[in-house]
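First up is the structure itself, then whatever we jot down about it.
The values are calculated or read from the model by the stated rules, or taken from the named source; none is laboratory data. As the structure is a prediction and not an experimental result, all values here were calculated from the model. Here the Cβ positions follow ideal geometry from the backbone for every residue, glycine too, while neighbour counts run over all protein chains shown.
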């Protein structure tokens, strides 16, 4: 067959495409075009901070990043640049460009395959959505049939929107929104003419025009796009020249929005996958707004990293911090390690159970106060004690300083972290009752039979995740209400449907009485209660703010904690080594406490001091019916008992210790 006949055949086929599209579409048995918005489109799930503005990470299939945006959120300049360079007759044709088809046919049909271009935006969309990458004549015909069918079914705006959300711009960025963020750190809606003309040129050859490798080639392609915009009367020559001359500040690839708060993001992703399945999370285009406060997260990361670095000579390589809003249970900050580059940094030490040391005493003393066996006005004898065990042996606790201090007020025993009084309170209250209080306040790892735990429980002998310690502090900060820590506030499907909206009330329960919580807070917040062991105005004191706090160090120096809170913020900090190797010369006040102090000072900067008001049923630091029958003996080596805090009577607020 001669070339004239080929041209006539191509023309006839084109006319049939225009005149009988529906019949050809049915005859060819091609895929349905009713699902243009979602067909074959893996969408990235995006995880944001609590404001919905700071992108923490994207979860996607393989390395592909994509996020759908409506055409109204694509800068008009980006739309015009794309049309000018890809399909200048976009608004005038019906899906195919007859002249382009004839030109391509005249040059390529004799080869038996398609090598020449001529595809409209609609044809490119049809190919990307519904067809394979085969370049045969039959595939090209299918492409044309589908393009005409798309034009009959959808508006030009819908077609352009679908195209811009699918086209590949290089560097794993699919769609204009991902490209805008990857290259310029902005949104598609905010692209300038210079940025838009630069991006519009990349899909022609994403690898060859990679601006991180071939910036000159990408700029030359931008010049081609701007020239096309001038020909289309979208820009003047002067405007095009100005756009080309405008400096473009490319984002560093390492700044791609997938590395913020990595351990927190991993925790969130795990919850999403358990709820919705891997497929929807990796390809469904979910939008996830989390509880994370990016300002507090940045403060926490800086404090953990700098303090761990300062402790390197003491064989400390890692640290972790969790901050919770006691009013909602929302996790405001989570630092799982001092960095992914430190030994064991890939492990999330906010979730890995470790021994809390004396920080566990917040549960023991809460249980004791609740039981009525002790009060804030009680005194306890710090002297050697042997606790019988079920196997006939004895457990004999010792204080951190190796000495005993005689009769001590309960607030002083707690504040100075005396181990012997703590064990006495535990035994007096009942170990099962202490276990029960800890569970109610948020400890999830004490899942054995209550009677199976040993007296070392109160000294942190059993492992507890740092997140649970923060939840326990948060329970006291919420005046006895436990709120399960929550990371996800809202999950939205790619079509805008709300899949999940958090309700803190569904995660809340009364754990301990408001009166017991208030008494614990009073004891843990008074600096005088810890002066014997730690001196005054140390790292647990937050200038200008009331704060309750308690430290903890394991006897083998493998774990060091500080937990503390205000009415608005509950914090738990850990330092140590992921491999359980011991630290050297690190105490409760020198390890985690400086991180706690630095974080709280920065987090509360500019905020007014807020504190708790006395609760109903609270009198003279005592629960009703628990007043002592006789005055206690004078304390030994402490000076006058008494102290600040709220209310009346003996004792004082405050807390902290090893």
Selection status of residue 300, within 30 Å of residue 585 (Cβ to Cβ) and not in a strand (DSSP E or B):
yes
Answer with yes or no whether residue 291 is within 22 Å of residue 469 (Cβ to Cβ) and either touching a strand residue (DSSP E or B) at 6+ places or on another chain (Cβ under 6 Å) or at pLDDT below 95 (or both).
yes
Selected residue [more than 26 Å from residue 602 (Cα to Cα) and free of Cβ contacts under 8 Å to residues at least 40 places away in the same chain] from 458, 498, 492:
498
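Each row is one residue, and each column tells you yes or no for (1) under 23 Å from residue 309 (Cα atoms); (2) in a helix (DSSP H, G or I); (3) within 28 Å of the chain's Cα centre (by Cα); (4) modelled with pLDDT under 95.
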{"residue": "341", "(1), (2), (3), (4)": "yes, no, yes, yes"}
{"residue": "345", "(1), (2), (3), (4)": "yes, no, yes, yes"}
{"residue": "350", "(1), (2), (3), (4)": "yes, no, yes, no"}
{"residue": "358", "(1), (2), (3), (4)": "no, yes, no, no"}
{"residue": "361", "(1), (2), (3), (4)": "no, yes, no, no"}
{"residue": "366", "(1), (2), (3), (4)": "no, yes, no, no"}
{"residue": "370", "(1), (2), (3), (4)": "no, yes, no, no"}
{"residue": "377", "(1), (2), (3), (4)": "no, no, no, yes"}
{"residue": "384", "(1), (2), (3), (4)": "no, no, no, no"}
Could you figure out which of (1) closer than 13 Å to residue 533 by Cβ; (2) crowded, with 18+ Cβ neighbours inside 10 Å; (3) free of Cβ contacts under 8 Å to residues at least 60 places away in the same chain isn't true of residue 431?
(1)
Output yes when any residue across the range 191-202 is under 32 Å from the mean Cα position of the chain (by Cα), assigned by TED's automatic domain parsing to the domain that holds residue 89, modelled with pLDDT of 95 or more and surrounded by fewer than 23 Cβ atoms within 10 Å (Cβ to Cβ), and no when none is.
yes
Quick one: what pairs do we get from the range 380-396, first residue in the same structural domain as residue 430 (by TED's automatic domain parsing), second surrounded by 14 or more Cβ atoms within 10 Å (Cβ to Cβ) and assigned to a loop (DSSP other than H, G, I, E, B), C-beta under 6 Å, 6+ apart or different chains?
382/404; 382/405; 382/418; 383/404
Out of all the residues in the range 450-464, which are in contact with a strand residue (DSSP E or B) (Cβ under 6 Å, 6 or more places away or on another chain) and in a helix (DSSP H, G or I)?
455
Tell me which of these residue 478 doesn't satisfy, since it passes every other one: (1) over 30 Å from residue 402 (Cβ atoms); (2) modelled with pLDDT under 95.
(2)
Of the residues that make up the range 417-436, is at least one in the same structural domain as residue 352 (by TED's automatic domain parsing), in a loop (DSSP other than H, G, I, E, B), touching a strand residue (DSSP E or B) at 6+ places or on another chain (Cβ under 8 Å) and at pLDDT 95 or above?
yes
